[in-house]
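Student: Just passing along the structure, written as structure tokens.
The values are calculated or read from the model by the stated rules, or taken from the named source; none is laboratory data. None of these values were measured; they are calculated from a predicted model. SASA here: full protein model, heavy atoms, side chains in, ligands and nucleic acids out. Shrake-Rupley method; radii C 1.70, N 1.55, O 1.52, S 1.80 Å.
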Amino acid sequence: MPVFVNGAEITDEQIFREMQHHPADNADVAMQLAAEALTIRELLLQDAVALKLAQRSEGVEEEPLADDERIEKLLNEVIKLPQLDDASIRRYYDQNLAAFTKNGVLTPFEDVQSAIAEFLRGTSWQTAVQQYIKILVGQAKIIGLELEGADSMLVQ
């Protein structure tokens, strides 16, 4: 059964093609995951067009990379993360000393500071993207699919 996202159709054929990217214990689960991924992708692309960050040509099959670039542009435009300061990085270190201790020896803060910063930025980015997707799902008219697992889907 096709899925309709704000009137745009995601065909069974598209879902079947996408299934290969969603290994699962059975075909029904793979089909659900594929349909969810395509629905979220469609929501992001629709929002990119609505915000005039990308244009779509009707009736023209486009390269997947072009869609990926549109989504990346959208997310970079709408997701704004606060600046990460040294105090926040130090606080994370201090609250997670066990993670930085091996064989009873604590790794100095300076040795892990950049890795902590990268981890915190990545975690913040993923959380912000998930929240953005939840907002899009909540505003959308989706027919043919329940997006139960949308909370846990990550866009990288």
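Student: Please report, in whole Å, how far the alpha carbons of the stretch 92-147 spread along each principal axis, starting with the longest.
Tutor: 56, 19, 14
Student: Identify all lysines with a Cα-Cα distance to Lys134 below 28 Å; exclude those on the same chain that are fewer than 8 residues away in sequence.
Tutor: Lys52, Lys73, Lys80
Student: Let me ask something else. Based on DSSP H runs of at least 4 residues, each adding -39500 (n - 2.57), what is the mean residue ellipticity at 222 nm of the chain after dividing by all its residues, to the nearest 500 deg cm²/dmol?
Tutor: Calculated mean residue ellipticity at 222 nm is -19000 deg cm²/dmol.
Student: Also, I was wondering about something else. Run down the lysines and flag those whose C-alpha is under 20 Å from the C-alpha of Lys141, throwing out any fewer than 8 positions away in its chain.
Tutor: none
Student: In Å and on Cα atoms, what radius of gyration and Dmax does the chain show?
Tutor: 19.7, 63
Student: What whole-number value in Å² describes the accessible area per residue of the stretch 1-114 for a 1.4 Å probe?
Tutor: 67
Student: Take every Cα pair under 8 Å in the stretch 1-42 that's 6+ residues apart, average their separations, divide by the length, and report that relative contact order as a whole percent.
Tutor: 37
Student: Which percent of the accessible heavy-atom area of the chain goes to carbon and sulfur, probe 1.4 angstrom?
Tutor: 51
Student: With the convex hull built on the Cα atoms of the stretch 1-47, state its orientation-averaged projected area in nm².
Tutor: 3.0
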